[in-house]
């Protein structure tokens, strides 16, 4: 397991919820973890999340706002990604380097593809 995954106490789990299993990411931040609730399909992770992170890191766009159905807003910049509870982007509830986010997204995608 990578030191990035360990640093944020990331766990990928499968839970039984209302007659079905759901994949879930658990981390040191509830807000950060809830953001991933919208991204449990590998195609969505690739098309929306990983491609957006790569676009920002590669300078295609300078920053990107993503709003999840779980009421978490992510502001992704080249250096850091900030997560906000709700729609306000005044004071982040959690932040991490965008390079760490990319590593976590790739690990999440790997988990989903293999489970």
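Throughout, read-outs are computed from the coordinates displayed, never taken from laboratory work. Note that the structure is predicted; figures quoted are calculated from it, not measured. Using ideal geometry, Cβ is built from the backbone for each residue, glycine included, and neighbour counts are taken over all protein chains shown.
Miscellaneous remarks
- A simple spin-label model places pseudo-atoms 7 Å from Cα toward Cβ; at residue 22 and residue 65 they are separated by 2.6 nm.
- In terms of its alpha-carbon gyration tensor, the stretch 69-108 comes out oblate; a/c meets the 1.5 threshold, while b/c is at least as large as a/b.
- A full extension of the chain between residue 3 and residue 46 corresponds to an added length of 13.2 nm, given 0.36 nm per residue minus the alpha carbon distance.
- The length gained on full extension between residue 30 and residue 77, counted as 0.36 nm times the residue separation minus their Cα-Cα distance, comes to 14.8 nm.
- Overall form of the stretch 3-47 per C-alpha gyration tensor (a/c, 1.5; a/b vs b/c): oblate
- Virtual spin-label span in nm between residue 54 and residue 99, 7 Å along Cα→Cβ: 1.9
- (1) 41, 26, 26; (2) 70, 35, 17; (3) 107, 92, 37, with the label sought being that of the calculated Cα extents along the principal axes in Å: (1)
- 0 to 90° range, to nearest 10: angle between helix 98-114 axis and the chain longest Cα axis: 20
- Based on DSSP H segments of at least four residues, each scored -39500 (n - 2.57), the chain has a per-residue ellipticity at 222 nm of -8500 deg cm²/dmol.
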